[in-house]
Amino acid sequence: MHDIFISYSRQDKPWVDTLAAALTAQGYAVWWDAELLPGQNFENAIKHVLDNARCVVTVWSTASVDSLWVREESSYALQRNVLIPVLYQPVTLPMPFGRIHTADLQDWQGTPNDPRFQTLLRAIAQYCPRTTETEQNAPEESPAAEVDPLPDERISSEGVIHRWKWITAALFTTIGLIFTAAGGYNDLKQIWSDFSKPALLLDYEPKDNIHSGDTLYLTFSGSHQGYATLWNQDASGTVTKLLPEKGAVTLHFTPQYNGETLELQATSGNGTDKFILLWTPEGKPDHLSHNQYNSEAAFTAALKKLEADGDLITTQLDVPIFAPNR
């Protein structure tokens with residue numbers, strides 16, 4: 001299994017080569033747009049890695065924002081909740097990716113100690129903690145997936161037919177998100193409800209130097225109709241439901257309402273404010289029976305019970321909080 005799949009435009013290959021080398025030097029198994037060996041299947045090789053990579057790093061640039069393949073690989077990663085976007089050049093990101101916090105590596109020259117690269121490493125570590133030396137040297141599970149870079153076009157008539165089979169769901173999910181954001185419901189309401197695994201998004205502002213007591217803006221949203229609750233775990237391990245407040249048991253995500261932005265106060269000093277978003281599909285509006293859990297273990301046990309009762313999707317956001325300025 002690979003740790004990282006890099007999605008990028010071939011026009012950015014020299015810079016991506018530097019990024020891949022830097023990530024590999026950190027001990028990660030990196031797969032970046034490999035070419036098929038003679039006799040290999042284009043669709044199967046890439047889909048195998050996308051299905052199994054612990055995270056997907058998308059490199060956004062003037063070339064990649066116009067690339068169908070980069071968009072579809074990123075949509076697929078978004079559905080799996082493993083997408084980590086990186087900004088290589090100053091561009092406006094295509095919807096819905098502009099709503100996701102993106103690591104800014106503009107003008108990065110490959111220096112491993114650069115704070116921006118270190119931020120990227122912290123994001124990756126949430127999906128794939130550093131392995132031991134023994135694990136790093138272990139053989140890959142699927143040697144067939146280790147191949148060389150693809151030709152520039154990435155497209156052949158046969159390749160398009162093969163790859164279309166697995167990118168179609170990601171494509172329509174992205175279209176559904178775009179039209180939902182624009183208010184164009186109509187037939188896309190059904191696509192928005194039915195296609196593939198829901199994508200849950202959590203983000204926050206400001207990004208840097210949040211101190212205990214500072215104002216924090218937390219944004220959450222979901223791509224599919226269903227029911228959601230938002231939780232916060234403080235430094236002591238206590239987990240408390242933030243939304244919905246008293247009254248409703250869950251938030252009902254619909255094309256008209258799929259999230260909002262909350263104004264909160266950062267609480268942990270020299271620690272982490274942890275936020276957890278839960279989602280269940282239509283017909284399953286009941287979530288956890290309590291509004292607060294005294295420990296992470298109690299909360300996890302309740303989640304496992306809820307998961308056993310039906311489809312449950314979760315996503316988590318860790319916000320670093322520093323001690324108050326003196």
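Determine the distance separating the Cα centre of the stretch 246-304 from the Cα centre of the stretch 110-130; give it in Å without decimals. Taking the Cα centre of each part, the stretch 246-304 and the stretch 110-130 sit 28 Å apart. Let me check I've understood the local charge: for Pro94, count other residues with C-beta under 12 angstrom from its C-beta, Lys and Arg +1, Asp and Glu -1. What total comes out? Spelling it out: positives minus negatives among the neighbours equals 0.
Compute the signed sum of charges (Lys and Arg +1, Asp and Glu -1) over the other residues within less than 14 Å, Cβ to Cβ, of Phe117.
-1
How would the stretch 200-321 be classified by its alpha-carbon gyration tensor: rounded, prolate or oblate, with rounded meaning a/c under 1.5 and the a/b versus b/c comparison settling the rest? Here the stretch 200-321 falls in the oblate category. Of the GluC sites (Glu not before Pro) found in the stretch 224-326, the ones in coil according to DSSP and having at most 12 other Cβ atoms within 10 Å of their Cβ are Glu245.
Packing, as the average of other Cβ atoms within 10 Å across residues, places the peptides 13-20, 274-281 in the order 274-281, 13-20, highest first. Extension gain for Thr261-Ala298 works out to 10.6 nm (0.36 nm per residue, less the C-alpha to C-alpha distance).
Rule-based calculations on the coordinates, nothing more; no lab input. Nothing here was measured: the structure is a model prediction, and the numbers come from that model. Note that we place each Cβ from the backbone using ideal geometry, even for glycine, and neighbour counts take in every protein chain shown.
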